[in-house]
Each structure stands twice: as C-alpha cells, then as structure tokens.
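Q: My questions will all concern the structure given below.
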Amino acid sequence: MTGEPGGSRPAAWFPDDLVVLQQQWTRIFNRLAGDTPADGHALRMELLGLSFRMDGHQHWATTEAGWSRAARRELQDYATAAPGGEEQLVTLCVGGRIIAVPPGEAASWR
C-alpha cells in the first residue's frame, strides 16, 4: 500500500513488509481470541515472533517519532484498511469468561 506513483501518501505510511507482518499478527490473534485451537501454543509462539519482528523493523528508525504504542496502533489501523486486512477482535471478560467480539460490537457487551 505504497500509494500511486507521484501521489500523496496517507498521513501515516508504513512499508509493505511491515503491513504484511501486522496483518499476519492480526489473523493469528483473531484465531487465538476465539475458541482455543489445538495448535494454540504454536500460534502464540508465532504471534510472539511476529511482535519481535515488527518492533525491531527498520521502519521505526527512519521515522521522527520512532516506535511507540500510538505508532503501533496507527500501523494496526493502516494494515486493517490495506488490501487483505481484517479488524482485530476485541477480547472482553463477561461473566467470568473471556469472549472475542468484533470492534463494533464491543460497546454493547460492556
């Protein structure tokens, strides 16, 4: 999602490889947020590895602000809007159980 040649980029811009890492992270997180899959341990290890790769990505050294929680949130929003992106589920504790719901439904569960 690098934009059109000669066109302007969005206010927050991220390199394609970093966007793909974030999209992979979100897909795995969403799988884990639902019912615990049989391969849950392997998925948690992959999620952790993706987190390290995103946090250590050279992009953060090339930006004025560098890495921050706010920048990671911008990356998440950017990756969600990019082709192939999906929204990260929201996990809530309801009646002593952890449930996962789409972001638009989270308010109705609180």
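The values are calculated or read from the model by the stated rules, or taken from the named source; none is laboratory data. From a predicted model like this one, the values you see are computed outputs, not experimental measurements. Reconstructed Cβ throughout: ideal geometry from the backbone, glycine too, with neighbour counts over all protein chains shown.
Q: With respect to E87, is the statement that it is surrounded by 12 or more Cβ atoms within 10 Å (Cβ to Cβ), charged (D, E, K, R), at pLDDT 90 or above and touching a helix residue (DSSP H, G or I) at 6+ places or on another chain (Cβ under 9 Å) true?
A: yes
Q: What is the number of the single condition among (1) part of a strand (DSSP E or B); (2) in contact (Cβ under 8 Å) with a residue 60 or more places away in the chain; (3) surrounded by fewer than 16 Cβ atoms within 10 Å (Cβ to Cβ) that A100 does not meet?
A: (3)
Q: Among the residues of segment 63-84, how many are farther than 14 Å from T26 by Cα and either surrounded by 14 or more Cβ atoms within 10 Å (Cβ to Cβ) or in contact (Cβ under 8 Å) with a residue 60 or more places away in the chain (or both)?
A: The qualifying residues number 2.
Q: A follow-up question, please. Under 9 Å by Cβ, and 6 or more places apart or on different chains, what pairs join a residue from segment 41-62 that is surrounded by 15 or more Cβ atoms within 10 Å (Cβ to Cβ) with one that is of a type in the set (D, E, K, R) and part of a helix (DSSP H, G or I)?
A: L43/R31; M54/R72; H57/D17; H59/D17
Q: Continuing with this model, one more query. Among the residues of segment 65-106, which ones are charged (D, E, K, R) and either over 16 Å from L18 (Cβ atoms) or more than 9 Å from the chain's Cα centre (by Cα) (or both)?
A: R69, E74, E86, E87, R97, E105
Q: Which of the residues that make up segment 50-87 are more than 18 Å from P103 (Cβ to Cβ) and in a helix (DSSP H, G or I)?
A: If the condition is that a residue be more than 18 Å from P103 (Cβ to Cβ) and in a helix (DSSP H, G or I), then L50, S51, F52, R53, M54, D55, Q58, H59, W60, A61, T62, A71 are the ones that fit.
Q: I'm trying to understand the selection: among the residues of segment 29-46, which are at pLDDT 95 or above and either in contact with a Ser or Thr (Cβ under 9 Å, 6 or more places away or on another chain) or not acidic (D, E) (or both)?
A: The one that is at pLDDT 95 or above and either in contact with a Ser or Thr (Cβ under 9 Å, 6 or more places away or on another chain) or not acidic (D, E) (or both): M45.
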